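The values are calculated or read from the model by the stated rules, or taken from the named source; none is laboratory data. Bear in mind that the values here come from a model prediction, so they are computed numbers and not experimental data. As a convention, Cβ positions derive from the backbone with ideal geometry for all residues, glycine included, and neighbour counts pool all protein chains shown. Remember, those area values only see protein heavy atoms, side chains included, never the ligands or the DNA or RNA. Shrake-Rupley method; radii C 1.70, N 1.55, O 1.52, S 1.80 Å.
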Amino acid sequence: MKLTLKIWRQASAEEKGRMVGYQVDDADEDMSFLELLDVLNEKLILSGDEPVAFDHDCREGICGSCAMVINGDPHGPEKATTACQLHLRHFRDGETIYVEPWRASAFPVVKDLVVDRTSFDRIIAAGGYISAPTGAAPDAHATPVPKPNAERAFSAAACIGCGACVAACPNGSASLFLGAKITHLGELPQGQPERDARVVRMVEQHDAEGFGGCTNTGACTVSCPKEIPLDVISQLNRDYLTATTGRRHSA
């Protein structure tokens, strides 16, 4: 396959970036998109040019590192697929592909396709955890969890924190990510003691990081590679309203 890549190049956060064109004449349809970038970088290095910086780790669709917009879509055109699992068979021979970093004020560009997503880490640090006593592990069935709650918690816990929801959102909101973390812990007995304080702290941190507000366009869940459902945002809003009005304690 012959492909033309138009890639965002930006030396640092302080410098202006621009789209730069590259030609790859020996791509294979069985390559993943990251392998295509590997091939390009090998050529750039051999020719004495600066390789394209991009995040990657597991390359199995689990870690959420491969954050990039491909032809205007976070992670590319395939539904429920991360960039590392996207194969070139989904592109046409001779096609021009545009590759850019996430675009959000809360995800500043570090270099080329690499963005700083530590804002997500700070949201988690604000409350995305449970406090548990240390010691021997409890018996497996010591805390029963109803099957519907367990399944909903598991579905929300599938979020890999890649940030595609933010990149897709016209407001740059991280509400789908935040809703997934709130729902995951809120459906489990272990998450109940800190449930109200958790949602308030995490929402406050979300806003402090500069993420936008949710207007329910649904672009986030369409772009999510793990298909986190949109109703986790409803759960987020419900928990926040309950926590800030004290309704849970008065019920």
* Identify the single condition in (1) exposed (fewer than 14 other Cβ atoms within 10 Å of the Cβ); (2) out of contact with any helix residue (DSSP H, G or I) (no Cβ under 8 Å at 6 or more places or on another chain) that residue 143 does not satisfy, given that it satisfies every other one. => (2)
* Asked: In the list 40, 44, which residue meets the criterion of being in the same structural domain as residue 87 (by the TED database), crowded, with 17+ Cβ neighbours inside 10 Å and outside any loop (DSSP other than H, G, I, E, B)?
  -> 40
* Could you tell me whether residue 138 is farther than 28 Å from residue 63 by Cβ and assigned to a loop (DSSP other than H, G, I, E, B)? => yes
* **Enumeration of residues in the stretch 146-175 that are open to solvent by less than 50 Å² (accessible area, probe 1.4 Å) and in a loop (DSSP other than H, G, I, E, B)** => 158, 159, 160, 161, 162, 163, 169, 172, 173, 174
* Working only within the stretch 188-213, note down all residues that are outside any helix (DSSP H, G or I) and surrounded by fewer than 24 Cβ atoms within 10 Å (Cβ to Cβ). => 188, 192, 193, 194, 209, 210, 212, 213
* Asked: With (1) closer than 25 Å to residue 117 by Cβ; (2) at pLDDT 95 or above; (3) not aromatic (Phe, Trp, Tyr) as the list, and residue 67 as the residue in question, which single condition is left unmet?
  -> (2)
* Within the stretch 58-66, can one find any residue that is part of a loop (DSSP other than H, G, I, E, B), touching a residue at least 40 places away in the same chain (Cβ under 8 Å), closer than 22 Å to residue 219 by Cα and open to solvent by 70 Å² or more (accessible area, probe 1.4 Å)? -> yes
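Matching residues to (1) modelled with pLDDT of 95 or more; (2) assigned to a strand (DSSP E or B); (3) not aliphatic (A, V, I, L, M):
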{"residue": "94", "(1), (2), (3)": "yes, no, yes"}
{"residue": "97", "(1), (2), (3)": "yes, yes, no"}
{"residue": "121", "(1), (2), (3)": "yes, no, yes"}
{"residue": "124", "(1), (2), (3)": "yes, no, no"}
